[in-house]
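This report concerns only the one structure given below.
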Amino acid sequence: MASQEMYALGSQSSVIRELFTYGQQQAAIVGRENVFDFSIGNPTVPAPACIREAIEEILATRESAAIHGYTAASGDEAVRQGLAAYMNETYDAGVTAGNFYMTCGAAASLTITLKALVEGPADEIVLLAPFFPEYTVFVGNAGAKVVVVPPDVEQFQVSLNALEQAMTAHTRAVIVNSPNNPSGTVYSAETYEKVAALLGRKSAEIGHPIYLIADEPYREIIYDGLPILYVPKFYSNTIICYSYSKSLSLPGERIGYILIPGCAAASREVYTAVCGAGRAMGFVCAPHLFQDVVLKCLGQTSDVGVYDFNRKLLYNELSQMGYECVYPSGAFYLFVKSPEAAAAAFAEKAKKLNLLIVPADSFGCPGYVRISYCVDPDMIKRSFGAFRKLIEQYV
Ligand code: PLP
């Protein structure tokens, strides 16, 4: 009647979604102000003013087909030219319009890239824990196997030895995500240098290039003046999967891109396979209006200062209460060690206090919880009483 595999996928709701729904129900009982929902990564900072201005200008000045019609499957040429110029100016990327493929956000960028790279069921895609849980679904869809590298719980960078052990003759790609969901850490230049050296050596050993897929929806959400690193400068066989969902607070608009730089091995072949994968999955083209909107807003972001304020507030207060927090340098998540071994049991105790936090087991990192701080700062302040009661249960 229906695919059992897809049926299973459709009937499992994620822990995050379940918590979010629970929060909505609880709000109706105890009042919205008494529920502290830190479950979901839905940007709360408004999109910058340039988004509305760009939409209004486009609607006022263009004909319908130039707003709502199909674009080329890879995206509008002028948009991709603008993106290339921006990346060259900002990161000295040395790319052209022909290196970009516009997509419906990071999820589409990743599913298309994986579908384009995977040759057969023996292929392996390496995930570095902690990782965005949907990666396992995307890899499954591409017909490859998931190989998980255990987390580096000291630094939350990359455990090089563990990565080396995870690689085999079947390794096709490694997915990296920095700034990271859920740990909030940002990979250093040193980390990229070491990963690049290892991947280069392993590629030579196994006789085919291992691609690095850099999933970067949080690229510009970075703190303490840390530099934004352009990953292909460290490792040429990098494919960037980007999205404007977080940086411009546009998750419902579904807009992003894949960048396959000319320096990547078999760049043109991979690009053509990306076009084929997008076609096979029925994407047709990325939303036309929002391709044009992001072109007009290049280099802009939502007010990251709000997230920075929340980050400091939460990190400082929770650390003082005795929580063991991973220092967050990017994205909008605080990663906290569970005071008991089972993070699910800890999150359940939190839930009784109407504190909704996500156990990180599905992120490949048992013993930790994720607190999403893209929320109203007042809610964070109101939540401290509950956080205090929670930690008191462990002293
Ligand atoms: N990758 C990571 C690490 C994410 O956190 C998310 C969304 O939360 C995505 C990809 C998917 O983003 P998009 O909304 O652009 O598909």
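The values are calculated or read from the model by the stated rules, or taken from the named source; none is laboratory data. As the structure is a prediction and not an experimental result, all values here were calculated from the model. Don't worry about glycine lacking a Cβ; one is built from the backbone with ideal geometry, like all the others, and counts go over all protein chains shown. To get the accessible areas, we keep the full protein, side chains included, count just its heavy atoms, and leave off ligands, DNA and RNA. Shrake-Rupley method; radii C 1.70, N 1.55, O 1.52, S 1.80 Å.
General remarks:
- Charges were assigned to the Cβ only: +1 to each Lys and Arg, -1 to each Asp and Glu. The resulting dipole of the range 21-159 about its Cα centre is roughly 320 debye.
- Cα gyration tensor shape for the range 190-308, rounded if a/c is under 1.5, else prolate or oblate: oblate
- Rolling a 1.4 Å probe over the protein heavy atoms gives the chain an accessible area of 42 Å² per residue.
- Cα pair distances exceeding 29 angstrom across the chain, given as percent: 45
- A dipole drawn for the chain from +1 and -1 charges on Cβ atoms has a positive end, and of A8, P133, A166 the residue lying farthest that way is A8.
- Calculated FRET efficiency, V137 to A386, Cβ-Cβ distance, R0 = 22 Å: about 0.10 to the nearest 0.05.
- The phi torsions of the range 75-88, fed into the Karplus equation with coefficients 6.51, -1.76 and 1.60 and a -60° offset, translate into couplings of x, 4, 4, 5, 5, 5, 5, x, 5, 4, 4, 5, 5, 5 Hz, rounded to whole numbers, with Gly and Pro shown as x.
- Shape call, the range 24-180: gyration tensor on alpha carbons, a/c limit 1.5: oblate
- Scattering curve values for the range 164-231, log₁₀ I(q)/I(0), Debye with Cα scatterers, q = 0.20, 0.26 Å⁻¹: -0.84, -1.17
- Estimated dipole of the chain in Debye, rounded to 20 [Cβ of Lys and Arg +1, of Asp and Glu -1, Cα centre]: 480
- DSSP bridge orientation in the chain - percent antiparallel, rounded to nearest 5: 45
- In order along the range 284-294, the Karplus-derived 3J(HN,Hα) couplings, from 6.51 cos²θ - 1.76 cosθ + 1.60 at θ = phi - 60°, round to 6, 6, 6, x, 4, 4, 6, 4, 5, 5, 5 Hz, and Gly and Pro are given as x.
- Under the convention that each Lys and Arg Cβ holds +1 and each Asp and Glu Cβ holds -1, the size of the dipole of the range 300-367 around its Cα centre is about 120 debye.
- Solvent-accessible area, 1.4 Å probe, carbon plus sulfur percent, for the chain: 53
- Here the contact order of the chain, divided by its residue count and restricted to Cα pairs under 8 Å and six or more residues apart, works out to 23 percent.
- The slack in the chain from A189 to V30, taken as 0.36 nm per residue of separation less the alpha-carbon distance, amounts to 52.5 nm.
- For the chain, the longest principal axis of the C-alpha atoms and the axis of helix 377-392 are separated by about 50°.
- Taking the range 289-394 and dividing mean pair separation by its residue count, relative contact order in percent (alpha carbons under 8 Å, at least six apart): 26
- Taking the charge dipole of the range 286-395 about its Cα centre, with +1 at Lys and Arg Cβ atoms and -1 at Asp and Glu Cβ atoms, the residue from F332, V395, C365 reaching farthest to the positive side is V395.
- Cα gyration tensor category, rounded, prolate or oblate, for the range 256-353 with a/c compared to 1.5: prolate
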